[in-house]
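Asker: After the C-alpha cells below, expect a handful of questions from me.
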Amino acid sequence: MNNRGVANIFQNIADLLEIKGEPIYRVLAYRRASETVRSLGQSVEDVWREGGLEEIPGVGKAISSKIDELLRTGRLEFYEKLTTEVPPSLIDLLRVGDVGPKKAARFWKELGITSLDELEAAAKAGKLRELRGMGKRSEARILESLEALKRRQTDRVLINHAWETAQGLLASLQELPVVVKVEAAGSLRRWRETVGDLDLIAASEDAGPLMDAFLEFPQVIRIIARGETKISVELYDGLRAQLWVHPPSRFGTALQYATGSQAHNVRLRELAKRFGLSLSEHGFKREDDSEITCAEEAEVYQILGLPWIPPELREDRGEVQAAMENRLPQLLTQSDLVGELHVHTDWSDGASTLKEMVEAAQEFGFQYLAITDHSQSLAVARGLDVDRIRQQRMAINEIQRSMGDDIHILHGVEIEILADGRLDYPDEILAELDLVIASLHTALRQPRETITARLLKAIRNPHVDMIGHPTGRLIGIREPADLDMESILEAAAEHQVALGINAFPERLDLSEGHARRAVEMGCLLAVNTDAHHPEHFTFQKYGVGVARRAWVGPGSVVNSWPFDRVYEWLSTRG
Ligand code: DGT
Ligand code: CA
Ligand code: ZN
C-alpha cells in the first residue's frame, strides 16, 4: 500500500467520524495523520519496515499501530467497523461544495441518502427543500455544486504537492554520478496551478544505468513504461513521473520540448520550418539531414531568432509573436517582493504568535509586513471584535519597538464583507487601521448581481485598500463565486484598490486569467501568502508563478514597492 492509500484511509476515518458526530479532536487526530503520511517524503512502508513509525512527528501510538495493522494485514478492523456504522459512500457527499458533515448526516438520517446519485435524485425531486433550514435556493445550489463536481478533473494535483515531490527526486538524481544536470520541465516548470504528472529531464551519457538507478529510488514504486530516452513510473504518493534522458550536448532541445506547452511547441516548429529546419526533442535538422544540437535551451530560441522565453509564458498566448517583436514583458520575480501584506496570527485562526510571525517574516527577507487577522463575524476563525483589534494595535506597537526599524509592521485586518454588503467594523474603526483587506468568506453562492454588487460596495468604501482572494474559489473543492469580473476589475482600477493574488496553493485567487485582465485594465495587485504559519511564507513562489503566467511585472504589484511608497499609497486613502 502506498502513502496515498494509507493517507486516504485516515482521511476517510476522519470524515466518517465527523459525519457520525464524534468530538472534533478525534477527527483532527486522523486528519493530521492523513496529512503527515501524505507529505512524508519517503515511502511509509519503508519507515514501517525499519520500525520508525513512531518517530514520525504527529504519529503517536494509536496511529502507528493502525498503520502497522494496515501494512501487515492490508486491512484495518477499526475502519471496517466504522463503515458498518456509517456508510462510507457518504464521504463522497462532502465533495459537493455546499455539503459539510452536518448536512451529510442529516441527508442520511432524515432522507436515507447515502450516495451522490441519491443526493442528485432527491434534489431533483424537490425533497431537500423540505428539510428544516433548507429551501429552494439551497437545494438549487446543491444541484449546481453536483454539476461542478462532475466537471472537475480529479487526477491532477495542486502545484505545491508536485513541487515538493519533484524537489526530492531532483535532489537524489543530482547526486548520481552519471547525471550531469537535471531539471523539472512540463507544467511544473511553467508553474501551472495544477500538475498532471512530473517531467524530469536529465543530461547524461548513460541513460540505461541512470534509469536503473532511478527505479531504485524509495519514492518509485512501479514502472509504467520504459524506452530509450524516457522512463515512466508511479511514485509512492500516486503521482506519475517521466524521466527523460538525453546526452548533455542535446539537453537544450530536450528541456525545451518537455517543458511545452504542446501548443507553444507547435508554434516553434512552424517557425523552424520557415528557416528550413525541423525541430524535435533531439535537435534541429536541416533539409539535407545535417543536425544542429543545442546544449542550452536559450540556443533553441536563438536559432529561431528569438530571445529566450520564460516557461510561464509558453502557453501560445501571444508570447512567440511578442518575442519576435522584442516586446516580451518584464516579469515579476520572487526577489521583487520586499513586503508581505496578508498575515494571520493566533489572535484569530493563525497557528503562531504575532512575534513569531514578525520574526519569521524578517527571516524570510521581508522589509515590511501587515498583520491582518480576521474580523468578528468570522466566528470559525475566531475573528476579532472591536476591543480586541484595538488591543492588537498595542501589542504590535510593542513588538515594533522591540524589533527596531529593520522591519516595518503595519496593523491591518482581513474584514468580512457581510452577506448584505456591509463591512464587519464601523468606518471609524477601519480609519484607525493601516491596511484594510476586504474578503468574502460566506454566502459565496449568492446570485451574480447580488454578490457582484456586494464586492463593488466594498471596493468603493474609501477605507478598503485591498480585496483578499476575490473569487473565493478553492481548487478542486469550491467553484469561484459568480462575479461579473469586468465590473469588479474596472472599479478596482478606478479606486486603486489592490487585488490580492493569494498564494495559498488551493486558492491562487486571482487566477492567472483574471490577473492578466486586471493588469490590462490598470489594476494594482498584491502577491500575498495569507500565511497562518511561518512555513506558509514559502507559498510565495506559487503566487509569483500565477503573476508571471499572467504577464505581470513588478510595477503594478504593491508589495514589490519600497515601504515608503506603500505607506504613501495607504496614507492617501481612508
Ligand atoms: P500536465 O502533465 O498535464 O500537467 O501538463 P504537461 O504540460 O506537463 O504535459 P505532459 O506531461 O503531457 O507533457 C510534457 C511536455 O511534453 C508537454 O508540455 C509538451 C511535450 N509533449 C508531450 N506530448 C507532446 C506531443 O504530442 N506533441 C508535442 N509537440 N509536445 C508534446
Ligand atoms: Ca507533465
Ligand atoms: Zn481569507
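Asker: Please go through (1) touching a strand residue (DSSP E or B) at 6+ places or on another chain (Cβ under 8 Å); (2) without any contact (Cβ under 8 Å) to a residue 24 or more places away in the chain; (3) in a loop (DSSP other than H, G, I, E, B) for R269 and return the number of the only condition it doesn't satisfy.
Answerer: Every condition holds for R269 apart from (3).
Asker: Here's another thing I want to ask about it. When you scan the range 495-510, do you find a residue that is open to solvent by less than 50 Å² (accessible area, probe 1.4 Å), touching a residue at least 40 places away in the same chain (Cβ under 8 Å), out of contact with any Phe, Trp or Tyr (no Cβ under 6 Å at 6 or more places or on another chain) and assigned to a loop (DSSP other than H, G, I, E, B), even just one?
Answerer: Kept after step one, since they are open to solvent by less than 50 Å² (accessible area, probe 1.4 Å), are these residues of the range 495-510: 497-505, 507-510.
Keeping just the survivors that are touching a residue at least 40 places away in the same chain (Cβ under 8 Å) gives 498, 500-503, 505, 508-510.
Of the ones still in play, those that are also out of contact with any Phe, Trp or Tyr (no Cβ under 6 Å at 6 or more places or on another chain) are 498, 500-502, 508-510.
Of the ones still in play, those that are also assigned to a loop (DSSP other than H, G, I, E, B) are 508, 510.
Yes; the residues of the range 495-510 include at least one that is open to solvent by less than 50 Å² (accessible area, probe 1.4 Å), touching a residue at least 40 places away in the same chain (Cβ under 8 Å), out of contact with any Phe, Trp or Tyr (no Cβ under 6 Å at 6 or more places or on another chain) and assigned to a loop (DSSP other than H, G, I, E, B).
Asker: Let me spell it out: the conditions are (1) open to solvent by less than 60 Å² (accessible area, probe 1.4 Å); (2) in contact with a helix residue (DSSP H, G or I) (Cβ under 6 Å, 6 or more places away or on another chain); (3) closer than 29 Å to S261 by Cβ, and G135 meets all of them except one. Which number is the exception?
Answerer: Condition (3) is where G135 drops out.
Asker: Only one of these is surrounded by fewer than 19 Cβ atoms within 10 Å (Cβ to Cβ) and within 17 Å of T229 (Cα to Cα): P307, P329, P247. Name it.
Answerer: One residue alone meets the criteria, P247.
Asker: Another one. Just to be sure I understand, how many residues within the range 374-398 are over 18 Å from A431 (Cβ atoms) and either assigned to a helix (DSSP H, G or I) or in contact with a Gly (Cβ under 9 Å, 6 or more places away or on another chain) (or both)?
Answerer: Final tally of qualifying residues: 7.
Asker: Then there's this: On the given criteria, is A254 away from ligand 2 (no atom under 13 Å from the Cβ), open to solvent by 40 Å² or more (accessible area, probe 1.4 Å) and either in contact with a Lys or Arg (Cβ under 6 Å, 6 or more places away or on another chain) or assigned to a helix (DSSP H, G or I) (or both)?
Answerer: No.
Asker: Could I ask something else about it? Tally the residues that are in a helix (DSSP H, G or I) and under 25 Å from E312 (Cβ atoms), restricting the search to the range 472-494.
Answerer: So the answer is 6.
Results for (1) in contact with an Asp or Glu (Cβ under 8 Å, 6 or more places away or on another chain); (2) among the acidic types (D, E); (3) outside the structural domain of I389 (by TED's automatic domain parsing), shown as yes or no for each residue.
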| position | (1), (2), (3) |
| --- | --- |
| A295 | no, no, yes |
| I303 | no, no, yes |
| E315 | no, yes, yes |
| P329 | no, no, yes |
| H344 | yes, no, no |
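Asker: Moving to a separate point now. Looking at the range 352-371, I want the residues that are open to solvent by less than 10 Å² (accessible area, probe 1.4 Å) and have a partner that is at pLDDT 95 or above and among the aromatic types (F, W, Y) with Cβ atoms under 6 Å, at least 6 apart or on another chain. Which pairs are those?
Answerer: Y368/F563
Asker: For A263, which of the numbered conditions (1) at pLDDT below 95; (2) touching a Gly at 6+ places or on another chain (Cβ under 6 Å) fails to hold?
Answerer: (2)
Asker: What are the pairs, 6+ residues apart or on separate chains, where a residue within the range 460-476 that is outside the structural domain of L418 (by TED's automatic domain parsing) and more than 15 Å from V546 (Cα to Cα) has its Cβ under 7 Å from a residue that is open to solvent by less than 30 Å² (accessible area, probe 1.4 Å) and part of a loop (DSSP other than H, G, I, E, B)?
Answerer: none
Asker: Of all residues being within 12 Å of ligand 2 (Cβ to nearest atom) and farther than 17 Å from E183 by Cβ in the range 230-251, which is farthest from the chain's Cα centre (by Cα)? Just the residue, please.
Answerer: Checking each candidate, the answer is S232.
Asker: Look through the range 401-434, keep the residues that are open to solvent by 50 Å² or more (accessible area, probe 1.4 Å) and more than 31 Å from the chain's Cα centre (by Cα), and return whichever of them is farthest from D564 (Cα to Cα).
Answerer: Within the range 401-434, the subset open to solvent by 50 Å² or more (accessible area, probe 1.4 Å) is 401-402, 405-406, 408, 419-420, 422, 426-428, 431-432.
Among the residues that remain, those that are also more than 31 Å from the chain's Cα centre (by Cα) are: 401-402, 405, 426-428, 431-432.
Details: R401: 19, S402: 21, D405: 13, P426: 28, D427: 25, E428: 24, A431: 19, E432: 19 Å.
Result: P426.
Asker: Exactly one condition in (1) touching a helix residue (DSSP H, G or I) at 6+ places or on another chain (Cβ under 7 Å); (2) surrounded by 18 or more Cβ atoms within 10 Å (Cβ to Cβ); (3) more than 23 Å from A140 (Cβ to Cβ) is not met by G468; state its number.
Answerer: Against the list (1) touching a helix residue (DSSP H, G or I) at 6+ places or on another chain (Cβ under 7 Å); (2) surrounded by 18 or more Cβ atoms within 10 Å (Cβ to Cβ); (3) more than 23 Å from A140 (Cβ to Cβ), G468 comes up short only on (1).
Asker: So which residues in the range 511-526 are under 21 Å from A162 (Cα atoms) and not in a helix (DSSP H, G or I)?
Answerer: As a first pass, look at the range 511-526 and keep what is under 21 Å from A162 (Cα atoms): 511-512.
Answer for the range 511-526, where residues must be under 21 Å from A162 (Cα atoms) and not in a helix (DSSP H, G or I): just S511.
Asker: Only one of these is open to solvent by 20 Å² or more (accessible area, probe 1.4 Å) and without any contact (Cβ under 8 Å) to a residue 60 or more places away in the chain: E18, E85, E50. Name it.
Answerer: E50
The values are calculated or read from the model by the stated rules, or taken from the named source; none is laboratory data. Predicted, not measured: the structure shown is a model, and the values here were computed from it. A quick note on method: Cβ atoms are made from the backbone with ideal geometry, for glycine too, and the neighbour counts reach across all protein chains shown. For accessibility, only protein heavy atoms count, side chains too; no ligands or nucleic acids. Shrake-Rupley method; radii C 1.70, N 1.55, O 1.52, S 1.80 Å.
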